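**Q** Encoded as C-alpha cells, here's the structure I'll be asking about.
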Amino acid sequence: MTLATLSYGIIAGLDRMCLPVLFPEISLDLNLSLVSIGTIWGMDPLAGMFISLPSGLIADRFGLKRTLTIVCILAGLFSALRAFTHSFFSLAATMFLFGLMAAITPAIVPKTSALWFPKRYLGLTNALINTFWYFGSMTATMLSATVLSPALGGWRNTLLVLSAPAVAMGLLWLTTGREPEKSELPPASVSSVPFKQAFFKVIRNKQVWFIGLIQLAFFGSNTGLYGYLPLYLRNIGWTGQAADSAITVLNGACMVGIIPMVLLANRLRSNRGVLAFSMVVMSASLLVLPFVRGNTVFGLLIISGFIRSGGLAIMTVLIFEIKGIGSTYAGTAVGLATSCAMAGAFISPPVGNSLASFAAGTPFIFWGALPALALPLLLFIKGGSSHEEGIKVVG
C-alpha cells in the first residue's frame with residue numbers, strides 16, 4: 001500500500017502538477033499562447049483516453065508489481081524528456097508520452113485497495129491513496145516555480161530533478177513489491193483474469209459507464225481549473241508566488257478534507273449523497289470564482305476543496321460496489337471509468353481557455369457547469385450505500 005500511494009503521489013501528483021505553475025516561464029521561453037498551453041495540458045489526459053482501459057486489463061492479467069515497476073520507470077524517463085523540448089509540438093509530444101504513464105496510475109493503483117483489503121476498509125484506503133496525490137501536488141505547486149526553478153536555473157532542470165523519484169519508485173517495486181498469496185486475497189478475487197473475459201464483463205456494465213460519465217465531468221472541471229487558475233490570478237494582478245500558492249491551498253484543503261469526507265459518507269451510510277453534495281459545492285464554487293477577489297479566493301478554495309475532496313475516492317468505492325465487479329475486475333472497471341475521465345480532462349482545458357477571449361473569468365463558468373450537468377446521472381447508479389453493500393470505513 002505504501003508503494004502504491006507513493007507511486008500515485010509522485011507520478012500523478014508531483015510530476016504532473018509541477019507543470020501548471022511552470023507554465024508562465026515555459027510560455028515565455030517557447031512563445032506559447034493561452035490556447036496552446038491548454039492544449040499541452042490536455043495532452044496528458046488525451047493519452048489517458050487510449051491507455052486507461054488497456055492498463056486496467058494489463059493489471060488484472062499480469063499483476064500490480066510487474067505493471068507498476070514498468071510504469072514508474074517509464075514515467076520518470078518520459079517526464080524527463082519534457083525538459084529537452086524547444087517548441088509547442090515537441091512539448092505536446094512528450095506530454096503525451098508522459099501522459100500514457102501518468103494516466104495509468106489512477107486506473108490501476110486503486111486496485112491495490114481492492115486486492116489487499118476487505119470491503120470495510122475500501123473507503124479509507126482509497127482516501128489514503130488520494131491523500132498522497134494531494135500531497136505530491138502540493139509539493140509540486142509550492143516548490144516548482146518559486147523555489148526549485150530559481151535554485152536549479154530554470155524549468156528544464158526542475159523537470160529533470162522531479163523526474164528522478166518516479167524511477168526510484170520503479171526500482172522499489174522491482175526489489176520490494178509483491179503480489180498477495182492466494183490465502184491473502186479477499187473472497188471471490190483472483191490473481192489474473194483473461195483479457196477477453198475482463199473486457200466484456202466490464203464493457204457491458206451500465207453502472208460503470210454512468211460513473212465514467214460523472215468522472216468525465218469531474219476530471220474535466222478539475223483539470224481545467226488546475227491548469228488555468230495560476231495564469232488567471234497573474235492576469236488579474238496577483239504576484240507569481242501568490243498565484244501559485246492558490247493551487248497549493250486548494251490541494252492542502254483537499255488533502256485535509258478527503259478522509260473526513262469519506263468517513264462522513266460512511267457515517268451517513270450514503271456514498272451517493274456525499275458525492276452529490278461534493279459535486280454541488282464544486283460547481284457552485286467555480287461559478288462564483290470569477291466574482292471574488294483577494295483573500296476571499298483563498299476562502300472559497302479552502303471550503304470547496306475540503307468538501308469536494310472525497311469525490312474521487314467515493315466514485316472508486318462505488319465502482320467496487322457494483323455487482324459482479326469487486327477486486328476481480330477492479331482494474332478494468334476503474335480503467336474504463338478513467339478513460340471517460342481523461343476524455344473530459346483532454347477536452348476541457350483548451351475549450352475553457354479559449355473562452356477567456358470573452359472575459360478572463362468565463363472559463364470558470366464553463367467548468368462549473370460540467371459537474372452540475374453530470375449530477376442527474378447519480379440517479380441511475382444503484383446502491384452506493386456503505387450500510388447496504390457492507391462497505392464500511394473503520395477509522
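The values are calculated or read from the model by the stated rules, or taken from the named source; none is laboratory data. The model shown is predicted, which means the values in this text are computed figures rather than measured ones. Every residue, glycine among them, receives a Cβ derived from its backbone with ideal geometry; neighbour counts consider all protein chains shown.
**Q** Being closer than 14 Å to Ala80 by Cα and of a type in the set (A, V, I, L, M) is the filter here, so list the residues in the stretch 117-168 that pass it.
**A** Leu159, Leu160, Val161, Leu162, Ala164, Ala166, Val167, Ala168
**Q** Here's another thing I want to ask about it. Kindly list the number of the only condition in (1) modelled with pLDDT of 90 or more; (2) part of a loop (DSSP other than H, G, I, E, B); (3) surrounded by 24 or more Cβ atoms within 10 Å (Cβ to Cβ) that fails for Ala359.
**A** Tallying (1) modelled with pLDDT of 90 or more; (2) part of a loop (DSSP other than H, G, I, E, B); (3) surrounded by 24 or more Cβ atoms within 10 Å (Cβ to Cβ), Ala359 fails exactly one: (3).
**Q** Sticking with this one: What number goes with the only condition from (1) basic (Lys, Arg); (2) more than 16 Å from the chain's Cα centre (by Cα); (3) crowded, with 19+ Cβ neighbours inside 10 Å that Arg308 does not pass?
**A** (2)
**Q** Suppose we filter Leu160, Leu124, Leu185, Leu171 for residues that are aliphatic (A, V, I, L, M), more than 24 Å from Glu25 (Cβ to Cβ) and modelled with pLDDT of 85 or more; which single one remains?
**A** Only one candidate passes the filter, namely Leu171.
**Q** When you go through (1) among the β-branched types (Val, Ile, Thr); (2) buried (at least 21 other Cβ atoms within 10 Å of the Cβ); (3) at pLDDT below 80 one by one for Ile203, which number turns out not to apply?
**A** Single failed check for Ile203: (2).
**Q** Does Leu28 qualify as being out of contact with any helix residue (DSSP H, G or I) (no Cβ under 7 Å at 6 or more places or on another chain) and either farther than 25 Å from Cys254 by Cβ or part of a helix (DSSP H, G or I) (or both)?
**A** Answer is yes for this residue.
**Q** Given the criteria touching a residue at least 40 places away in the same chain (Cβ under 8 Å), surrounded by fewer than 19 Cβ atoms within 10 Å (Cβ to Cβ) and farther than 19 Å from Thr239 by Cβ, does Leu160 qualify?
**A** Yes, satisfied.
**Q** Within the stretch 1-30, how many residues turn out to be surrounded by fewer than 22 Cβ atoms within 10 Å (Cβ to Cβ) and acidic (Asp, Glu)?
**A** The qualifying residues number 2.
**Q** Can I ask one more? When residues of the stretch 137-157 are filtered for being outside any helix (DSSP H, G or I) and within 18 Å of Ile104 (Cα to Cα), how many remain?
**A** Qualifying residue count, the stretch 137-157: 0.
**Q** I'm told Thr328 meets every condition in (1) more than 28 Å from Met95 (Cβ to Cβ); (2) polar (S, T, N, Q); (3) buried (at least 24 other Cβ atoms within 10 Å of the Cβ); (4) modelled with pLDDT under 85 except one. Can you identify the failing condition by its number?
**A** (3)
**Q** Could I ask something else about it? Suppose the filter is under 15 Å from the mean Cα position of the chain (by Cα), at pLDDT 85 or above and acidic (Asp, Glu); does Asp15 pass it?
**A** yes
A quick yes/no check of all residues on (1) without any contact (Cβ under 8 Å) to a residue 40 or more places away in the chain; (2) part of a helix (DSSP H, G or I); (3) closer than 16 Å to Leu57 by Cα:
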| site | (1), (2), (3) |
| --- | --- |
| Lys196 | yes, yes, yes |
| Lys201 | no, yes, yes |
| Phe219 | no, yes, no |
| Leu233 | no, yes, no |
| Gly237 | yes, no, no |
| Ala242 | yes, yes, no |
| Ala246 | no, yes, no |
| Leu250 | no, yes, no |
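**Q** Taking the stretch 281-308, which residues are of a type in the set (Phe, Trp, Tyr) and farther than 19 Å from Gly252 by Cβ?
**A** If we filter the stretch 281-308 for residues that are of a type in the set (Phe, Trp, Tyr), which is where we start, we get 291, 298, 306.
Listed by number, the list holds a single entry, Phe291.
**Q** For the stretch 250-270, what are the residues that are under 19 Å from the mean Cα position of the chain (by Cα) and surrounded by 21 or more Cβ atoms within 10 Å (Cβ to Cβ)?
**A** The answer is Leu250, Asn251, Gly252, Ala253, Cys254, Met255, Gly257, Ile258, Met261, Val262.
**Q** Let me ask another. Among Ile58, Ile73, which is the only one that is surrounded by fewer than 20 Cβ atoms within 10 Å (Cβ to Cβ), β-branched (Val, Ile, Thr) and out of contact with any His (no Cβ under 6 Å at 6 or more places or on another chain)?
**A** So the residue among Ile58, Ile73 that is surrounded by fewer than 20 Cβ atoms within 10 Å (Cβ to Cβ), β-branched (Val, Ile, Thr) and out of contact with any His (no Cβ under 6 Å at 6 or more places or on another chain) is Ile73.
**Q** Another one. Residues in the stretch 47-69: is at least one under 16 Å from the mean Cα position of the chain (by Cα), farther than 30 Å from Trp116 by Cβ and of a type outside the set (Ser, Thr, Tyr)?
**A** For the stretch 47-69, residues under 16 Å from the mean Cα position of the chain (by Cα), farther than 30 Å from Trp116 by Cβ and of a type outside the set (Ser, Thr, Tyr): absent.
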